[in-house]
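Beneath this line is the structure, given in structure tokens, with notes to follow.
The values are calculated or read from the model by the stated rules, or taken from the named source; none is laboratory data. Computed from a predicted model, the values in this text were never measured in an experiment. Note that each Cβ is placed from the backbone with ideal geometry, even for glycine, and that neighbours are counted across all protein chains shown. For the accessible areas, the whole protein counts, side chains as well, though only heavy atoms, and no ligand, DNA or RNA atoms are used. Shrake-Rupley method; radii C 1.70, N 1.55, O 1.52, S 1.80 Å.
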Amino acid sequence: MIRGHRTAWAAGALIAVLVAGCAGEDPAPAPAPPATPSSAGQAAPTTPAAPAPLAGRVVVLDPGHQLGNARFAAQINRPVDAGGFAKACNTTGTASDRGYPEATFAWEVAVEVRRRLRRLGARVRMTREDNTADAWGPCIDERGRLGNPGRPGPTAEVRVSIHADGNRSPSAHGFHVIEPGDLAGWTDDVRAASGRLAVAVRDALVDAGFAPSTYLGENGIDVRTDLGTLNHSDVPVVMAELGNMRHADDAAVMASEAGRRRYARALTTAIRAFLAG
Ligand code: ZN
């Protein structure tokens, strides 16, 4: 459930995007005013503020699935190119046993990561601008291409897709980070850097106290060639499956604001570490 102020905020952001005329683009921050020169004989000279650590950097965040996908089956099931093969435009995503949707979890974590990245000076592009049952998509190919070189709007340096898994095995819990595997002509350009990004995200999640998956990947990292979002990206990319929503312990953390803040802090740390490398 989205609280009122978030909805209002999202509406404000949408209006800003419409005014900017570029879906998903975060307006460039206003330039800092020039430092006032100090005159001789006056009080201590002003020290110019240090530049924001991520000033000028562009990040794409991809909060997996739109909340309304289930209501738009025809649109969501339409096949799109996923990297030289066809796949459904999108899926509904999963949910916790208590009904907390993956779409909402991914959205709330992404909004918090965006807030933190903006505070560090970054420009953030989102693959969707709201979390609503009245909308669907975008499709995986669009999610994977936003921010690529040559596409409209600022080119990104990194793309992080935010998801949660839904596995019914009682012993299945923990996060896994998916990096693109070897798909000739599609992932060659970003595989090595995406591998470094995956390690940065894995390490930051472990440092934040999250346990790597008990059921997928190796030490919290999985490699796949069947994901359109990864295959279409021409900038380093990972998909972070932050936990198993069908596991009660994982779901409890995800459904709590403190838990989501911890996820967001870890993802921000990872993005910052990757961009510094
Ligand atoms: Zn998902």
Task: Share of carbon and sulfur in the accessible heavy-atom surface of region 90-188 [1.4 Å probe, %] - done: 48 percent
TODO: With a 1.4 Å probe and every protein chain left in place, work out the accessible area per residue of region 52-276 in Å², rounded to a whole number.
DONE: 39 Å²
Task: Separation of the Thr46 and Ala276 label points, Cα + 7 Å toward Cβ, nm - done: 2.8 nm
Task: Amide H contacts under 5 Å for Gln66, placed H, 5+ residues apart - done: Gly137
Open item on the list: Using amide H atoms built in the peptide plane, which far-off residues or other-chain residues are under 5 Å from Arg224 H to H?
Closed with: Glu179, Gly181
Open item on the list: Using the basic label-point model (7 angstrom from Cα toward the beta carbon), what is the Val206 to Ala86 distance in nanometres?
Closed with: 4.2 nm
Task: Distribution of pairwise C-alpha distances over region 43-166, 10 Å bins, in % - done: 13, 37, 30, 12, 5, 3, 1
Open item on the list: Test of understanding: what is the full-extension gain from Ala248 to Asp182, defined as 0.36 nm times their sequence separation minus their Cα-Cα distance?
Closed with: 20.3 nm
TODO: Give the Rg (one decimal place) followed by the Dmax (whole number) of region 52-276, computed from C-alpha coordinates and expressed in Å.
DONE: 16.0, 45
Open item on the list: Quick check: pseudo-label points 7 Å beyond the Cα along Cα→Cβ at Arg98 and Leu120, how many nm apart are they?
Closed with: 3.0 nm
TODO: Only loop residues by DSSP count here, and only those with at most 14 other Cβ atoms within 10 Å; note down the trypsin sites (Lys or Arg not before Pro) in region 155-214 that meet that.
DONE: Arg168
- [ ] Run the 1.4 Å probe and let me know the accessible area of Glu157, rounded to the nearest 10 Å².
- [x] 70 Å²
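I need to check one value: relative contact order of region 52-276, counting alpha carbon pairs closer than 8 Å and at least 6 residues apart, in percent. Intermediate results must be reported in sequence, preceding the final value.
Working: 518 pairs, mean separation 61.2, N = 225.
It rounds to 27 percent for region 52-276.
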